[in-house]
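One structure is given here, and the rest of the page talks about it.
The values are calculated or read from the model by the stated rules, or taken from the named source; none is laboratory data. Note that the coordinates shown come from a computational prediction; the quantities given were computed from them, not determined experimentally. Cβ: placed from backbone, ideal geometry, glycine included. Neighbour counts: every protein chain shown. Just the protein is used for accessible areas: all its heavy atoms, side chains included, with ligands, DNA and RNA removed. Shrake-Rupley method; radii C 1.70, N 1.55, O 1.52, S 1.80 Å.
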Amino acid sequence: MTTHGARRMHTGWVGWVYFAATILLLAGIIQVINGAIAFARTGTTYVTPAGSAVPVSYAGVGWSFLITGVVLAATGVGLFSGRTWARAVAIAMAVISILTNIAFFTTYPLWSAVVIVLDVVVIYALAAHGREATPR
């Protein structure tokens with residue numbers, strides 16, 4: 001027997017799904033702005049605060065920020081819409097974030113630890129409770 005019009009139960013975890021969507025959307029917007037700023041720069045060398053010179057192509061950095069920003073923003077919008085592809089992309093981006101923060105843990109231990117914990121919570125929320133955010 002099929003029940004028509006049955007409502008899906010929402011738990012408190014749906015808030016974490018919307019939190020992830022908001023963070024991805026904001027991060028995407030910031031990345032697009034960073035990409036535009038990188039395109040406005042000239043030269044190919046960046047000097048670190050420690051005084052080391054690192055060869056950097058600002059055009060390449062601009063394109064990577066721009067593409068990443070568009071993907072992040074689209075994923076955030078997709079999560080608000082309850083799209084399954086957005087959950088998969090968001091989980092993949094969170095895993096990449098965890099790996100990146102593990103790589104830079106010795107440089108920024110507190111910040112990396114906070115981001116890793118948030119990424120793990122977001123991955124759990126999206127994997128276990130992401131379906132709760134789908135439209136009714």
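Quick look at the values:
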{"item": "Positions within the range 83-114 being outside any helix (DSSP H, G or I), touching a helix residue (DSSP H, G or I) at 6+ places or on another chain (Cβ under 9 Å) and closer than 30 Å to Ala50 by Cα, in sequence order", "result": "Phe104, Phe105, Thr106, Tyr108"}
{"item": "Which listed residue, of Ala86, Ala94, Ala38, Ala50, is open to solvent by less than 50 Å² (accessible area, probe 1.4 Å) and at pLDDT below 90", "result": "Ala38"}
{"item": "Of all residues in the range 115-136 being open to solvent by 70 Å² or more (accessible area, probe 1.4 Å) and part of a helix (DSSP H, G or I), the one that is modelled with the lowest pLDDT", "result": "Arg131"}
